[in-house]
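Peer 1: Structure provided below as structure tokens; questions to follow.
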Amino acid sequence: MIVCPRGLAAAGKFLKQIYIMVKYEYTLIKSSRKTISIKVTEENKIIVRAPLSATRGEVERLLTQKRGWLERAMAFNNSNSLAQRSVKDYREAYVGGRLFPVFKSTRNYVDGDGVHVTGLRGFKAAYVNCLGGQFLSEFKKVQAACGLECKSVSFRSYRSMWGCCDGACIITFNFKLLMLPPELQKYVMVHELCHTVFHDHSQNFWALVSRFVPSWKSARRELKSYAFLVKLY
């Protein structure tokens, strides 16, 4: 297997290199971590994070072993019909899992015609002000049905997750959750509520999630189809 370095940047105990395998180009980032991890971004870039002591041979053997997974991940990205260009160009937006046109406006709001915003920063105000109340009402119902309580709940804009439950049991939801279908919104509600009991992703945590959302595995897979939204707006 021939490998050709295309770039090199090193600083202290951090090393980043870009290599080309027979079929793939990948970025190798070395640090003081203990294990090797592989990530495929939405743009089908392969990022490998490895210990400083890891050799290229070890990394590429793992990449070869994971080739089937890599190809499935990249095929999914290429065929993800949810990530339409009109959404990424902000000409359309999802509301409850359905596509609506986006209109330039002097106010930020969502109605039956579409999403009206003054600019990119207006999306949060439009969704939270018009749809946030209904979401929180549903959240209270889910909270009562589960018998789990949080200290408080609010919205913010995250770039890497749908929600967060901190150690004080304060839950914060990504406002982009309002763009998703109701069943996925409910799954995230339950997910974060279960973190008020288990602040990890242990077997006990997933067992608790399963008690309230038996189909959580399929919901989690479907949620990944909307992952590109988290990086928008």
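The values are calculated or read from the model by the stated rules, or taken from the named source; none is laboratory data. Since the structure is predicted, the reported quantities are computational estimates derived from the model, not experimental observations. Note that we place each Cβ from the backbone using ideal geometry, even for glycine, and neighbour counts take in every protein chain shown.
Residues checked against (1) modelled with pLDDT under 90; (2) closer than 28 Å to K224 by Cα; (3) assigned by TED's automatic domain parsing to the domain that holds K224; (4) not hydrophobic (A, V, I, L, M, F, W, C):
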position	(1), (2), (3), (4)
K16	yes, yes, no, yes
L28	no, yes, no, no
R33	no, yes, no, yes
R49	no, yes, no, yes
L52	no, no, no, no
G57	no, no, no, yes
Q65	no, yes, no, yes
A75	yes, yes, no, no
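Peer 1: Examine segment 209-230 for a residue that is small (G, A, S), touching a Leu at 6+ places or on another chain (Cβ under 7 Å) and not in a helix (DSSP H, G or I), and state whether such a residue exists. If you could, list the steps in order and put the result at the bottom.
Peer 2: Our first condition is that a residue be small (G, A, S); within segment 209-230, this holds for 210, 215, 218-219, 225, 227.
Keeping just the survivors that are touching a Leu at 6+ places or on another chain (Cβ under 7 Å) gives 219, 225.
Narrowing further to those that are not in a helix (DSSP H, G or I): 225.
Yes; the residues of segment 209-230 include at least one that is small (G, A, S), touching a Leu at 6+ places or on another chain (Cβ under 7 Å) and not in a helix (DSSP H, G or I).
Peer 1: Kindly establish whether K217 is within 29 Å of C130 (Cβ to Cβ), out of contact with any Gly (no Cβ under 6 Å at 6 or more places or on another chain) and not aromatic (F, W, Y).
Peer 2: No, not satisfied.
Peer 1: OK, next. Output the residue which, of all residues in segment 83-139 that are of a type in the set (K, R) and either within 25 Å of M189 (Cα to Cα) or part of a helix (DSSP H, G or I) (or both), is modelled with the lowest pLDDT.
Peer 2: Checked segment 83-139; the qualifying residue modelled with the lowest pLDDT is R85.
Peer 1: Residues in segment 219-229 that are hydrophobic (A, V, I, L, M, F, W, C) and either without any contact (Cβ under 8 Å) to a residue 60 or more places away in the chain or surrounded by fewer than 18 Cβ atoms within 10 Å (Cβ to Cβ) (or both): how many?
Peer 2: Total meeting the criteria: 3.
Peer 1: Every residue in segment 172-184 that is surrounded by fewer than 21 Cβ atoms within 10 Å (Cβ to Cβ), touching a strand residue (DSSP E or B) at 6+ places or on another chain (Cβ under 9 Å) and outside any loop (DSSP other than H, G, I, E, B), please.
Peer 2: Scanning segment 172-184 gives a single hit, T172.
Peer 1: Could you say whether any residue in segment 143-152 is among the polar types (S, T, N, Q) and within 29 Å of E42 (Cβ to Cβ)?
Peer 2: No, that holds for no residue.
Peer 1: Would you be able to say whether some residue in segment 184-200 is free of Cβ contacts under 8 Å to residues at least 24 places away in the same chain and either hydrophobic (A, V, I, L, M, F, W, C) or in contact with a helix residue (DSSP H, G or I) (Cβ under 9 Å, 6 or more places away or on another chain) (or both)?
Peer 2: yes
Peer 1: Now for a separate question. What number of residues in segment 112-149 are among the polar types (S, T, N, Q) and in contact (Cβ under 8 Å) with a residue 12 or more places away in the chain?
Peer 2: 3
Peer 1: Any residue in segment 155-169 that is part of a loop (DSSP other than H, G, I, E, B), surrounded by 18 or more Cβ atoms within 10 Å (Cβ to Cβ) and under 19 Å from the mean Cα position of the chain (by Cα)?
Peer 2: So far as segment 155-169 goes, yes, one or more of its residues are part of a loop (DSSP other than H, G, I, E, B), surrounded by 18 or more Cβ atoms within 10 Å (Cβ to Cβ) and under 19 Å from the mean Cα position of the chain (by Cα).
Peer 1: Is there a residue in segment 56-79 that is surrounded by 13 or more Cβ atoms within 10 Å (Cβ to Cβ), over 13 Å from Y26 (Cα atoms) and aromatic (F, W, Y)?
Peer 2: Within segment 56-79 (the criterion being surrounded by 13 or more Cβ atoms within 10 Å (Cβ to Cβ), over 13 Å from Y26 (Cα atoms) and aromatic (F, W, Y)), the answer is yes, since at least one residue qualifies.
Peer 1: Right, here's the next one. Within segment 22-41, how many residues turn out to be in a loop (DSSP other than H, G, I, E, B) and exposed (fewer than 14 other Cβ atoms within 10 Å of the Cβ)?
Peer 2: 7
Peer 1: Among the residues of segment 80-122 satisfying the criterion of being under 24 Å from G133 (Cβ atoms), of a type in the set (G, A, S) and under 19 Å from the mean Cα position of the chain (by Cα), which is surrounded by the most Cβ atoms within 10 Å (Cβ to Cβ)?
Peer 2: Out of the qualifying residues, it is A93.
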